[in-house]
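Trainee: Take this structure, written in C-alpha cells, and hold onto it; I'll ask about it next.
The values are calculated or read from the model by the stated rules, or taken from the named source; none is laboratory data. None of the values given here were measured: they were computed from a predicted structure. Positions of Cβ are generated from backbone atoms using ideal geometry, with glycine treated the same way; all protein chains shown enter the neighbour counts.
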C-alpha cells in the first residue's frame, strides 16, 4: 500500500476526511487557512492524477479492494481527469480568495461551518467525476447538492431571498436526483449491474422500453442538475443570492460536473448502439441547446443584477455545451469538453470580480458598477478581460471554445447551428457591453447608496482573481492542454461509445 | 390467455409506485406551504424506495443472509453457536420471534467462526448469482412461470410460496430445523437480491438528510419572512425586487 497506488482515491478522501477539522478550529483565520491548505492538497492530487492518466491512459481503482463490477470502481480516464483538474483547480483559487468576502457576508460564528461545507461540496463534485459506478454518482451528487443548499442559504445575512432561492433549488435538485435514481434503477433492472463500463457491455443491443425509460429519466434528472433550458429556473436566484465566493465556486464547477455526467452516461453507458440516442440528440439536446443559447442570453441582457445576469449567461453557455454534445462527433465532443473547461475559467473570474465589487460597494446591482474603472481599476480590467472571453474575442479562451464549436458544427453539417452560435455571441456582446460601458464610460456615483471609495480590492482577492484571468489568456493562446487533451479524451469517449469502429 | 386485468394485477407493485410518485410530485407542485412541499417530496422519494425494493425481489427468495454451510451439514439453528445471543433476544421480548433471534445468532456465529474476508466475498458472489437479474427479469415478466419455478425450488419446504419474503422465518419455527435441511439439500438456496436494499438504505439516508435541510430552511424562512406560504413569499420577494429597481432608478437620475 504505497501512495501512488492509492492516488485515484485521494481527491475524494483528502477533502472528505479533512473537512470536519475546519469546523473544530477556533473561528478567525484558522478554518480558512486549513480549508485553503486542504484545497491545495486536493489540487496537487488531481494534478498528479492528470499527469499519470496522460501516461497510462486509464486508471482503474477498486475501492476497498472489491473488484469491479461488483465493487465500486473509480475509473479515471482523460475526460474526467481533466474535469477533476479543473474543479480542484478552481477550488484552489477560490478558497484563498474567499476569506475577505466571507468575512463581510457571513456571520463569524458560521464561518468554520461555511468552509467545512465548501470542502464537502468539493468532495461531492470530485466524487461524481471520478467514480465509475452509476449509483455512486447519485450519492456524490447529493453530497455536493446538500452542502450547496446550505451554502446558498448562508447568503441570507445580506439578503433573505437567499433562503427562498435555496429552498427552490432544494426542491428542484432533489427531484432531479430522484429522477436520476429512477433511471439508474431501471438500468439495473435491465442489466443487473451498476458499473458504468459493465452497463455499457450489457446494454449493447438492448433496446426496450425499460432502457428507453431509464435513459429518459437520467437525461431529465441530470438536465435539472445542469440547468438545461427550460429546467434552469432554480439557477439564477441561487447564484444571485448565494455568498459571492460560493457563486464563484459553484458557477464554475457544479453545472460543469453535471455536464460531464451527462457526457459520461450518453457516451460511456449508452453509446451509439442505443437507438433512442439519435432521436434524443436531434429532438431534445440540439433544440434545447439552441433555445437556451438565445432565450437565456436575451433574458441576461435585461437583468438589473450583475450576478443574476451572469447566471442567465451561464444557462446560455450550457446551451453551447449541449450543442457540441448533440453533434455526436469527435469534434463536437471536443468542443463541449473545451468549453466546459474554458467556461469555468471565465465564469469563475467574472463572479470573483463581482465579489470584489460587493466587498467595496456592498451591492451587486448593475448601478454599483458605474464608473468602476476610476475606483477599482484592477477589478474592472479583470471583469473586462473575462467578459471578452465570454463573448469569444480572439486571444481568449472563449474564442478557442467558439472556434472548436463552429468547426464541429460545420463538420457535422449543422451549418445553421454555426450561424446561430455566432448570432448568440452577439447577444453576449450586449450584456457584457452594458456593464463594461457603465464601468468605463460613466462617472462614478459621488454619494448615495452606490458611492464607492477609491480603493481596489485587497491583494489576497486580486491575486487569485488575476490568476484565473491570466489562465483565460494563457489557455486562449496555448491550446495544447485544453484542446489537445480534450480531443484525446473525446476520441477515447467516442471509441467506447461505438463510433470508433 | 392473459387479459388486461391480469396484466394490471400482476404488476400491482409498479402501479403502487406510479401512484405514489404522481401523488408526491403533485403535492410538491400544487401545495403552497413549504412543509407540505417537503412532505410531497418525501412521498415521491418513498415511491422510489418501493420501486427499488420491487426490483430486488426474487419470487421465492429468502432474506439475503448467508446460511449455506451450517444448514447443509445438519447443524440446527442456534444449537451450537448462538446460545447466549439467541436466548437473550427471545427473553427480552423485543417483539422479534425466536426464529429471527436465532437467525441473528447464526450470522453472529458465522462471523465469529470465519472472520476471513474471502468468505464474505464468496457470500456476496453467491448472492449475486442467485439473484441474477436476467433471471429476475424473466420472473417479473412471467409471474405464472415464476411461481412454478419457485414452487419447484422450494418443494422441500412443502409449502406454497404465498409469502416468500417470510418463508424462512416461518419454516425456521419448526423445532428441529429438519424441514430446512431437506429444502436446502434438495435445491440451491434462492436469495432475494440484497443489492437494491443496500442501495435504497443509502438513498433513504440521503433523503433524510435532504428533508432535514429542507425543514431547516423552512424554519429559517419563517424566521426571516414570518410565513411559509409560497405565494406570500413570492409577493414579498417581488416587492423587494421592484422596490430595489425603483430606488436604483431614482438614484441614477439624481
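Trainee: Collect the residues in the range A:189-209 that are crowded, with 17+ Cβ neighbours inside 10 Å, within 14 Å of chain B (Cβ to nearest Cβ) and either assigned to a helix (DSSP H, G or I) or at negative phi (or both), keeping them in residue-number order. Spell out the reasoning first.
Mentor: Within the range A:189-209, the subset crowded, with 17+ Cβ neighbours inside 10 Å is A:189-200, A:202-203.
Now restrict to residues that are within 14 Å of chain B (Cβ to nearest Cβ): A:189-195, A:198-199, A:202-203.
Within the range A:189-209, A:189, A:190, A:191, A:193, A:194, A:195, A:198, A:199, A:202, A:203 meet the criteria.
Trainee: In this structure, is residue A:128 more than 10 Å from chain B (Cβ to nearest Cβ), surrounded by fewer than 23 Cβ atoms within 10 Å (Cβ to Cβ) and touching a residue at least 60 places away in the same chain (Cβ under 8 Å)?
Mentor: Values: more than 10 Å from chain B (Cβ to nearest Cβ): yes; surrounded by fewer than 23 Cβ atoms within 10 Å (Cβ to Cβ): no; touching a residue at least 60 places away in the same chain (Cβ under 8 Å): yes.
When the stated conditions are applied, residue A:128 does not pass them.
Trainee: Keeping to the range A:434-450, report how many residues are within 11 Å of chain B (Cβ to nearest Cβ) and either in contact (Cβ under 8 Å) with a residue 60 or more places away in the chain or under 33 Å from the mean Cα position of the chain (by Cα) (or both). Please lay out each step first, then the result.
Mentor: As a first pass, look at the range A:434-450 and keep what is within 11 Å of chain B (Cβ to nearest Cβ): A:438, A:442, A:445-450.
Adding the requirement that they be either in contact (Cβ under 8 Å) with a residue 60 or more places away in the chain or under 33 Å from the mean Cα position of the chain (by Cα) (or both) leaves A:438, A:442, A:445, A:449-450.
Total meeting the criteria: 5.
Trainee: Now for a separate question. Can you name every residue in the range A:148-161 that is within 21 Å of residue A:119 (Cα to Cα) and facing another protein chain (nearest Cβ under 9 Å)?
Mentor: A:149, A:150, A:153, A:156, listed by residue number.
Trainee: In this structure, is residue A:423 under 30 Å from residue A:490 (Cα atoms) and crowded, with 16+ Cβ neighbours inside 10 Å?
Mentor: On the way: under 30 Å from residue A:490 (Cα atoms): yes; crowded, with 16+ Cβ neighbours inside 10 Å: no.
Answer is no for this residue.
Residues checked against (1) within 11 Å of another protein chain (Cβ to nearest Cβ); (2) modelled with pLDDT of 50 or more; (3) crowded, with 16+ Cβ neighbours inside 10 Å:
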position: B:2; (1), (2), (3): no, yes, no
position: B:19; (1), (2), (3): no, yes, no
position: B:41; (1), (2), (3): yes, yes, yes
position: B:56; (1), (2), (3): yes, yes, yes
position: B:100; (1), (2), (3): no, no, yes
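Trainee: Of the numbered conditions (1) within 23 Å of residue A:78 (Cβ to Cβ); (2) free of Cβ contacts under 8 Å to residues at least 24 places away in the same chain, residue A:268 satisfies every one except a single condition; which is it?
Mentor: All conditions are met except number (2).
Trainee: Give the residue, chosen from A:113, A:97, that is touching a residue at least 60 places away in the same chain (Cβ under 8 Å), in a helix (DSSP H, G or I), within 14 Å of chain B (Cβ to nearest Cβ) and farther than 20 Å from residue A:260 by Cβ. Please lay out each step first, then the result.
Mentor: Working: A:97 fails: within 14 Å of chain B (Cβ to nearest Cβ).
From the options A:113, A:97, the qualifying one is A:113.
Trainee: Considering only helices (runs of 4 or more DSSP H) fully contained in the range A:403-501, which possess at least 1 residues that are more than 26 Å from residue A:265 (Cβ to Cβ)? I'd like the intermediate steps shown before the answer.
Mentor: On the way: elements: A:415-441, A:459-477, A:485-497.
Correct list: A:415-441, A:459-477.
Trainee: Still on this structure, I have one more. Which one of the conditions (1) within 12 Å of chain B (Cβ to nearest Cβ); (2) part of a helix (DSSP H, G or I); (3) surrounded by fewer than 22 Cβ atoms within 10 Å (Cβ to Cβ) does residue A:186 fail to meet, given that it meets all the rest?
Mentor: Every condition holds for residue A:186 apart from (3).
Trainee: Restricting attention to the range A:51-73, report how many residues are surrounded by 23 or more Cβ atoms within 10 Å (Cβ to Cβ) and under 24 Å from residue A:18 (Cα atoms). Step through it out loud before you land on a result.
Mentor: Taking the range A:51-73 first, the residues surrounded by 23 or more Cβ atoms within 10 Å (Cβ to Cβ) are A:53, A:73.
Narrowing further to those that are under 24 Å from residue A:18 (Cα atoms): A:73.
Adding up the residues that qualify gives 1.
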